[in-house]
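What follows draws every value from the coordinates through simple rules; no lab data is involved. This is a predicted model, so every value here is computed, not measured. Heads up, the Cβs are rebuilt from the backbone with ideal geometry, glycines too, and the neighbour counts pull from every protein chain shown.
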Amino acid sequence: MNDPSAFSDWSERSLFSALGSGARFDRSAKKAFAGARDASAANQLSTSSKQTREKIASQLDFFGTGTSLLQGTTAKDKDAAAAEDDGPDTDTDADEPEDTGSGAESDAEDDGEDAPAQLSRKDRKRAQVRVSDPEAPKPVTSFQEFATRYGIASYLANNLEKYHYSNPTPIQQHALPIISEGREVLAIAPTGSGKTLAYLLPILHLLKGPSGEGHRALFIVPTRELAQQIYREFKRLSEGRNFRVCVLTKASAAGSKEQQVLSKRFDILITTPMRLVHLIQQKAVDLTKLEHLVLDEGDRLLELGFLEQVDEILAACGTAAGAGPAADTGRRPLSKYLFSATLSVQIESMARSFMRDPVRIVVGVRNTVSLTVEQSLMYVGSEEGKLLAIRQIIQKGVRPPVLIFVQSRERAKQLFHELVYDGINVDVIHSERTQQQRDQIVDKFRTGQIWFLIATELMGRGMDFKGVNLVINYDFPQTTVSYIHRVGRAGRAGRPGQAITLFTNDDKPMLRSIATVMKESGSKVEDWMLTLPRVSHGHKSKVAARPISRSDITSSHETKFERRIKSRKRQIIEQSKQKKDRAAKRAKKDAKSGGSSAETDASADS
Ligand SMILES: Nc1ncnc2c1ncn2[C@@H]1O[C@H](COP(=O)(O)OP(=O)(O)OP(=O)(O)O)[C@@H](O)[C@H]1O
């Protein structure tokens, strides 16, 4: 398994000089709009309000990095920040519902003493953790306190130390005791704030050790990449206890009799909904021994498309939506946990219908972006302007790894062909690529072999690439939720990150919503963006369901001849890549058959 930290070391080196001048991205990049229809609108670029970010940095220093928010701040930036006005502290009319919960929340950390008096009410809210039940177990302030209060096994304490988890993040401080004391949890905390450990650690503590009785913990996630990532995190944290973990893949969900027998040996299942439903329908899996059920990226899992499958899984656990807790069978009652960076009021009430009096924990302001991400919007006029803008951003010098989001597979392929022709170290990931290709790409991106990764919504949620410095929304996100998750691939674990969102005139209807989210998370946006006409919910739903149609991504100035040459060049690159992949595969195979394999099968440990 690759160690992601190796990548961060790598990214510290200035490897990107080959692609550009090495200069940082110029945020006043008006030149990027050459050729765009409305050059004057280039001035509408927004910059982050560093002043606001710095003021609350200490409050939100989840990872104890201290200077993380300021690391990317040059002296010039600081001057600029000093000159900036944070603007009036009025609530903007967030298009996404904010927190309209029960109203019975206790501001667990809002005793007025911790927050500096000069912070505005909103800034303080950004730094708060709100817990819905005043009777919920009190938070822990350190892993040491958690260990002594609950008597956690020494292997867990050792692994926390070994993998440098020195202080719990706010979501961990609250979730660890609440889950450990048997309460269900609805957790909403920013992207990259350590939600995975917030549920893995207490669940491992409660499971104690492998039992061989059947599946006792089930983790459901929307993509198989995320399933693999949770598997990796689980393996690290459970080192020293021989838990048997199964990540359901296409192959393992085939539902053969052998699988049915095998599955009983696994303590833990990690899966996407579809894979599990397949096994349930084949009667190849027994979920009646389940003690813990986690819906990671839970709001996504309760949306149309996944909802029916999740409902079927809940029914198989004895907890159908609308029903109360499972009947007492003498075993530990099934506890359910939902984690996400975003959760609407509607989805929350749906979740409550199958949960048992969950404690809701909200870190910061609901549905906003992590403060470690410096967000900006860039007007590019037209689709051609986008291609020009991205080339200029790259030429000016950015530090890889960089994630670039587009709205469809087709566009991902088109942009890939454009950038690969420019000689950029780029790859593309989308659902049409094979499982093996997807795994390889994720691995290569983690380890720095790929510098730019073009992705669809597939990679928008949950993926933890620690070193991602920059996210570029080449295509404007279809919803604010998608925006929050996409830009949350940068600025993780307290590190600074940057997000640039390109927009054209076609994106203006949705601009107000995104600008509002940016403002809510401490970035400065132009006032006119916040006063654009509101868009009806009907229109938003339409855009959410189907992206706006855009013209193809292509350098239109090319002649037919140039395009033919380009296409031939692409073929050659593709062939040479395939050749390399085949050679690597052969080498791996030879190595395996030659000696004893230390690597266990990621899909099915035994
Ligand atoms: N207490 C901690 N100290 C240091 N690093 C941590 C701690 N907890 C988690 N991390 C690291 O922070 C990174 C982000 O964690 P994680 O992937 O769980 O974020 P998340 O909140 O689930 O984000 P998302 O909403 O995008 O899924 C991971 O690399 C993880 O190893």
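A few notes on this one:
- By average C-beta atoms within 10 angstrom, highest first, the peptides 228-238, 541-551: 228-238, 541-551
- For segment 531-546 versus segment 159-206, the gap between their alpha-carbon centres in whole angstrom: 36 Å
- Here's the picture: charge each Lys and Arg Cβ at +1 and each Asp and Glu Cβ at -1 in segment 133-235, and of Leu200, Gln228, Ala187 the one pushed furthest to the positive end of that dipole is Gln228.
- Given charges at beta-carbon only (K, R positive; D, E negative), |dipole| of segment 123-223 in Debye: 240 debye
- Each of Glu135 and Asp357 was given a label point 7 Å from its Cα along the Cα-to-Cβ line. The distance between the two points is 0.5 nm.
- Segment 478-542 - Rg and Dmax from Cα coordinates, angstrom: 12.6, 37
- Model label sites at Glu181 and Asp286, defined 7 Å from Cα along the beta-carbon direction, differ in position by 3.5 nm.
- Cβ-based exposure ranking for Cys317, Cys246, in which fewest neighbours within 10 Å come first: Cys317, Cys246
- Positive-end residue of Leu276, Val363, Val345, charge dipole of segment 273-414 with Cβ unit charges: Val363
- Point-to-point label distance, Lys235-Asp422, nm (Cα→Cβ direction, 7 Å offset): 3.5 nm
- Put simply, the amide H of Leu377, placed in the peptide plane, has neighbours under 5 Å in Ser46, Thr501, leaving out anything fewer than 5 places away on its chain.
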